[in-house]
Every structure is written in structure tokens, then in C-alpha cells.
Amino acid sequence: MLHNVNMDFAKYSALEIPQIESDLKTNISTGLKEAEVKLSLAKYGANKLKERDTAWWEILIRQFKSSFIYLLIAAAVLAFLLREYTDGVFIVVFVLINSFLGFFQEYRSEQYVKILNKYIVASAKVVRDGVEYVVLSTALVVGDIVKIESGDIFPADLRIFKAHDLNVDESALTGESVNVIKTSEKMPIEESQLYKSTNIGFSGTHIMSGIGEGIVIAVGKDSQVGKISHLAASTIRKTVFEKETTKISKFILKLVLGTLVAVFAANLLLHGASANIAELIIFSIALAVSVIPEALPVVTTFSLSSGAIQLAKSKVIVKRLSSIEDLGGIQILCTDKTGTITENKLAVADIYSEDIQKTMFYAALASTSKDLKKDSVNSFDLAIREKMSVQEKEIVSKVSTIDEIPFDPIRRRNSVLVNFSGKSLLIVRGSAEEILEDIDSISSNDRQKAL
């Protein structure tokens, strides 16, 4: 049974690390033990955002939730009451075709999304019982000790206790485009503002540079992104298409009622007391049924399904058919380029050096991590590794790092001190302009030639 525990990051922002260790029953050196992991999981819950599983019958019912469908069903009932069975059957058939098409498309999309979610799982480096593991981020629990580095995404809300040039992009949460420098120092007071909490790493934010370690203080629904997700899930949204369809339905209903009243009144004026009221009512209802465009929902669903098929060919899944019209109505689309429009993959195209192998070897030594077995999110390091031979990779993996200054946008370089062949070797890697500017042994002509 899960306890309703208030995981307030503000509280932990103003606490010293020993206090947090005591509160969460963890240790920053050795981490949690296996038994403690299970206890934490039972107490605070899993590091997963609650996803509402939409049942097939909910998707089916959703197809009938339209003011236009209500209008058609009413027309079908009236047609059967007037013994206009052909009209009634046709209207019912149109409604069923429309509902089946919408259900088929949306149900299939829901299944595709479920399959994709199984493959989109992030990993995290965690210390448990004194040993470092790489685990799925969903396996993290409150009290875990997590290691982070440039290119990673915070897998949960962390109280940072070790930070080295840790630069974080929090725009996804705060909207601020300027990166935040994170520290391990406690705040003078409990800080409830996200952008002011410089010792808290929030789930889903990106580490632009640096390395660090932190204690997990909130997971899943208790994290800040979890709370936002809950708000988004509980908000009822209507697409522009649905709103416009409702407007058309209301307009048609008003038009039909107005026409009926006008016809009814005209007959009474022309025939007076001799008017056959019963026949007039039947005629008016029949007129109303004939005015309603029964095929309109089917035509629109066919059009939207065609759009969904075209998008599917471009590897885009459409969960709601009505959203296609909104997509087609976009006039300005603002998007982040890297990793959104592009694949965020680099490749070594050319090497300007008198000794290519030596240059590549030093470039690999200057990598943020030399563990060549793990998947890196640093596309620059990955590009270099792809260019290296198996033997070179093995040599690089055995070289130990003494210290390093990670890459940051201001310095435009990273510096790594390694122990290589019994000597301390400093390697600096960065933009050509910055590196060449610091080399005194070459002339300005050679520097210009290199550039």
C-alpha cells in the first residue's frame, strides 16, 4: 500500500546532506541496500508517470460523443416513427460506418503508442550497496544515489550533493532559455521557486555540461514533472475541429427548427382552421429529417482517415482523428531543431592533422566517459568512437582520468587530465578558434591556414 507522502523539494533545498541521509535512510557513499530499495518502493511508489490506459470500449463510445451524431440519431428515430424505414436504415448505416472508421483508426494508434513506449526507456547510473549500476530510470526509488553527466536527463528529482561545472537547461519546466548553474550548497531558506532552487535537479531537465551526483528526493507522480503531467491529464481538451463541428450542428438544428416553425405558421395562415394539424406535423418532421446531411460525418471521417494514413507513411501516429484538422490549420510552427527536426547524430567527415591516428586517439582520451561499452548521449564522443579501431578503443578504456573540466558553451572546450604511460597528460578539446588562439608556437599565418 502506498503512503501519501509529501515530497516537497523546497524542504530538501534547505537541508544539509547528513540530515537528508537520515531522513531518507540512505548513504551518499554506498547508496541503498536491496532491502531498503524495496521498502522505499513500497513507501513512495515507482518512478513512473501514471498513464491512463484507454479501454477499447471508451474509444468506441468516444465516436458517438458528437452533437452531430446526436442529431443524426434523433433523425433516425423520427424516420422510423414516420415509417420511413429506408431513410432510417441509411442514417443508422452512416452513423455506424463513421463510428467504425474512427474507432479503427484511433484504437490502432493507441496500440502503436503502447508498443513504442516499451522501447523508449531511459537509463541512469545508480550506486547501491557500494556498487555502481546502470538501471532503467523507472527502477529508481527515493533515496537512491544517482550519478549524472553532460548530455544526461535528470531521471528523477534530485538533491545535488556533488557538482562540477553542472550546467542545466530547465526551459521545459520554467520556460527560461538561460541555463542554470547547479551547486551542492544548501539554500539559506526553503526555496519553493523552481528557477531559484539551484541545488535541486528536476526530472526531465537536460544537463548541458558538467558532472554531479544527487540523492533522489521525489519520483513519478511526486516529481515536479509528474505534478504537471497530472494536471495535463485531468484537463479536458476539445480540438478546434470538434468545436467547429458543434457549431455546425447547432446551426443546422436552429435552421431546421426555424424552417419548421415557418412552414407550420405559413400553413396555418393559408388554411386557417381547416388545416390538418396531424399531417402538418408529419410533413414538418419529414422535412426536418430530409434537411439533415446524414453523410457529412462519414465524409469528414474518410477525409481525416486519409490524412492519418498519409502521416503514418511519414512515421507519425495520430491518436485522435480530430487533431488532423488542427494540424492542417497551423500557420506558424515553432520547434527546437536538434533532436526534433534532426537526428542529433554526428559523424567524422575529415581530419586536419599530420598524424590522424594520434589526433583521433587524443580526442577519444578527452571524452567525458571512456567506458566504451555503455551507450553515450554525447554525439561528439560517439562520432569519434565510430571512427576508431577495436584495438584503440580497448587502449582508451584502460586509461584512467585524474580530473576534468567538462565542456561548457562559454569556454567552448573541455579539459581532461589523464594518467597515460606513467605520466600525467593534459588534453584540451574544443572549437578550432579557441584552441588555436591559445597556441603560441604557431604563426598567425599557420593559424589562419588551419582555420
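Details
- Taking the listed residues Ile309, Ile341, Ile324, Ile330, the one that is assigned to a loop (DSSP other than H, G, I, E, B), modelled with pLDDT of 75 or more and either under 26 Å from the mean Cα position of the chain (by Cα) or not acidic (Asp, Glu) (or both) is Ile330, with no other qualifying.
- Hey, Val127 touching a residue at least 24 places away in the same chain (Cβ under 8 Å), at negative phi and of a type in the set (A, V, I, L, M, F, W, C) or not: yes
- Scanning the stretch 398-427 for residues that are out of contact with any Leu (no Cβ under 8 Å at 6 or more places or on another chain), over 21 Å from Ala163 (Cα atoms) and not in a helix (DSSP H, G or I) yields Ser421, Gly422, Lys423.
- Verdict on Ala163 being under 18 Å from Phe9 (Cβ atoms), touching a His at 6+ places or on another chain (Cβ under 9 Å) and of a type in the set (Gly, Ala, Ser): no
- Given (1) without any contact (Cβ under 8 Å) to a residue 40 or more places away in the chain; (2) open to solvent by less than 20 Å² (accessible area, probe 1.4 Å); (3) within 18 Å of the chain's Cα centre (by Cα), number of the condition Val256 does not satisfy: (3)
- Any chance Glu21 is among the acidic types (Asp, Glu), touching a residue at least 40 places away in the same chain (Cβ under 8 Å) and within 13 Å of Val142 (Cα to Cα): yes
- Close contacts from the stretch 26-38, counting a first residue that is under 16 Å from Ala139 (Cα atoms) and open to solvent by less than 20 Å² (accessible area, probe 1.4 Å) and a second that is at pLDDT 90 or above and of a type in the set (Val, Ile, Thr), with Cβ to Cβ under 7 Å and a gap of 6+ residues or different chains, come to Gly31/Val126; Gly31/Val127; Gly31/Ile145; Leu32/Thr26; Val37/Val141.
- Total residues in the stretch 196-245, condition without any contact (Cβ under 8 Å) to a residue 40 or more places away in the chain and closer than 30 Å to Ser367 by Cα: 1
- Residue list for the stretch 49-63, restricted to those being at pLDDT 75 or above and open to solvent by less than 100 Å² (accessible area, probe 1.4 Å): Leu49, Ala55, Glu58, Ile59, Leu60, Ile61, Arg62, Gln63
- Yes/no for Asp408 being loosely packed, with under 14 Cβ neighbours inside 10 Å and over 14 Å from Tyr362 (Cα atoms): no
- Flag for Ala10 being out of contact with any Leu (no Cβ under 7 Å at 6 or more places or on another chain), modelled with pLDDT under 90, open to solvent by less than 20 Å² (accessible area, probe 1.4 Å) and of a type in the set (Gly, Ala, Ser): yes
- For the stretch 177-203, filtered to residues that are open to solvent by 50 Å² or more (accessible area, probe 1.4 Å) and touching a helix residue (DSSP H, G or I) at 6+ places or on another chain (Cβ under 8 Å), the residue that is nearest to Ile160 (Cα to Cα) is Lys186.
- Any hit, the stretch 78-88, residues being without any contact (Cβ under 8 Å) to a residue 12 or more places away in the chain, charged (D, E, K, R) and closer than 30 Å to Glu279 by Cβ: yes
- Condition check for Ser66: in contact (Cβ under 8 Å) with a residue 60 or more places away in the chain and open to solvent by 60 Å² or more (accessible area, probe 1.4 Å): no
- When Thr174 is tested against (1) surrounded by 22 or more Cβ atoms within 10 Å (Cβ to Cβ); (2) without any contact (Cβ under 8 Å) to a residue 60 or more places away in the chain, just one condition goes unmet, and that condition is (1).
- Filtered residues of the stretch 204-215 (kept if open to solvent by 20 Å² or more (accessible area, probe 1.4 Å) and within 23 Å of the chain's Cα centre (by Cα)): Gly204, His206, Met208
Residues are listed down the side, and each one gets a yes or a no for (1) among the hydrophobic types (A, V, I, L, M, F, W, C); (2) at positive phi; (3) modelled with pLDDT under 80:
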residue	(1), (2), (3)
Asn199	no, no, no
Val225	yes, no, no
Thr235	no, no, yes
Thr239	no, no, yes
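- Scanning the stretch 426-451 for residues that are under 19 Å from Met360 (Cβ atoms) and open to solvent by less than 50 Å² (accessible area, probe 1.4 Å) turns up Ile427, Arg429, Gly430, Ser431, Ile435, Leu436, Ala450.
- With respect to being surrounded by fewer than 18 Cβ atoms within 10 Å (Cβ to Cβ) and not hydroxyl-bearing (Ser, Thr, Tyr), Asp157 falls outside the description.
- Some residue of the stretch 239-252 being open to solvent by 10 Å² or more (accessible area, probe 1.4 Å), within 20 Å of the chain's Cα centre (by Cα) and not polar (S, T, N, Q): no
The values are calculated or read from the model by the stated rules, or taken from the named source; none is laboratory data. What you are looking at is a predicted structure, and each value in this text was computed from that prediction instead of being measured. Glycine also receives a Cβ, built like all others from the backbone with ideal geometry; neighbour counts cover every protein chain displayed. To get the accessible areas, we keep the full protein, side chains included, count just its heavy atoms, and leave off ligands, DNA and RNA. Shrake-Rupley method; radii C 1.70, N 1.55, O 1.52, S 1.80 Å.
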